[in-house]
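Heads up: the structure comes next, in structure tokens.
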Amino acid sequence: MRPLSPLGMAALGSGVIAITYGLARFVFGLFLPAMRDELTISPSMAGVIGALPFLSFVFAILAATWVIRRLGVRRTGVAAAGLAGVGLTTIAQAPSSLLLAAGVLICGISTGLSSPVMAEAVHRVVPSWVLRGRVNATINAGTSLGIAIAMPAVLIWAEAWRSAYLGFAALAALGALAALGYLPRDGQRPSPSQPRPIALPVSRSQWLGIARLSGLAVGMGGVSAAYWVFAPDAVINAGGLAPSQTAWMWLAVGVGGLAGAGAGDLIARFGPAASHAAGLTVMSASLALLVVVPGNFALALASAALFGAGYMTLSGFYLVRSTQIMTEAPSFAPVLPLLATSVGQVAGSPLAGWLVGAEGHVTTFMLFATLGLAVAGLGAWLLNERGAADWHAL
């Protein structure tokens, strides 16, 4: 079989990420209201369950570099998509909140494996350093494609979330077959000039650069958790919108998130500090806009598009910028920033659930929007040249 072109790598990687991130991880909030009604799940319990895929992601991404070295790119890619299928099927068949939790936990494992293996595949397939940034950002934006796919699923199946998840599981099976057929062969190792990630000497400045990204990613993940888990719940329970209308919101998230494909070019044009601050400001605005008038469908759609654009630009930013800092460790470079994002989401999801139960959706979303602006300000200092130099001297 012919080697993948950069365009083919972008298409395949986007598809796998659409399944593991978009369908297996982030559409959970879209179906949460129907799940809560059928399985009698409280807001606090929903927050805990919503944190589980982020938690399992943490362990999976920490092990990802080792798994890739043991299994190879192809088999790891197949495992990522296959585990997504297992998790989605478990959710579809769950008779209780316990098995529902098990399903979302498995889905988080698939997500943790998929980003590092796709970054490693890009490093092997795409020769140009500049082009790698664009391909990585495009693959990362595949999350938006998966989220957008959920929209017709909700419109077709409405409250029948089990049928929707079975359909998603079938797409995961197709993704596993595509990974098996087209990812680089397991015997294809980097050339001698490309040493293995674990053997790479990493300088202090590289570690500090990754540490700055990771610290900011914790904050971004925490801010985003409220939206991923409770945005549909907010417009349904606080705004009175119909569940089918939230499908259009998730389509708007997906369409807006396509802006994340330009994260690499954004960094090149405006620099890391401005790019990061812009992404967080947009995401914070989306949280506030959602609850200004939670029953206004037009504002809900605008909020969703802004959230998709902000979140996917930021996740693309962390992915691309980390691989620029550690250019010779493509499967390891994004591990800590993506891990940090999930740490923030693990903390943010139950916190949002507790606040929703105690103070309501409006107060919760406004507080999280304020936190987002604070992280934007911190990033504007840490990521500019002077701030980075001052932090390096500490």
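Coordinate-derived values only; no laboratory data. Computed from a prediction, not measured in an experiment: that's the story for all the values here. As a convention, Cβ positions derive from the backbone with ideal geometry for all residues, glycine included, and neighbour counts pool all protein chains shown.
Overview of values
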item	result
For the stretch 274-394: span of alpha carbons on each principal axis (Å, largest first)	48, 29, 28
Where N is the number of residues in the chain, Cα Rg divided by 2.2 N^0.38 Å	0.92
Selected from 148, 79, 160 as most flexible by GNM, with the chain as the system and alpha-carbon contacts under 10 Å	160
Length gained when the stretch residue 166-residue 185 is fully extended (0.36 nm per residue, less Cα-Cα span)	3.9 nm
Residue-span extension gain [residue 156 to residue 274] - 0.36 nm each, minus C-alpha spacing	38.4 nm
Residue 347 paired with residue 177, simple spin-label distance in nm, labels 7 Å along Cα-to-beta-carbon	4.4 nm
Packing-based ranking, highest mean first, of 90-102, 224-236 given that Cβ atoms within 10 Å are counted	224-236, 90-102
Two-decimal log10 I(q)/I(0) for the stretch 1-145, as the Debye equation yields it once each C-alpha is a single scatterer, q = 0.11, 0.17, 0.20 Å⁻¹	-0.43, -0.88, -1.11
The chain - mean residue ellipticity at 222 nm from DSSP helices (-39,500 (n - 2.57) per run, n ≥ 4, rounded to 500)	-27500 deg cm²/dmol
Note, ³J(HN,Hα) from phi for the stretch 26-43, Karplus 6.51, -1.76, 1.60, rounded to Hz, x at Gly and Pro	9, 7, 3, x, 5, 9, 4, x, 5, 5, 4, 5, 6, 9, 6, 10, 6, x
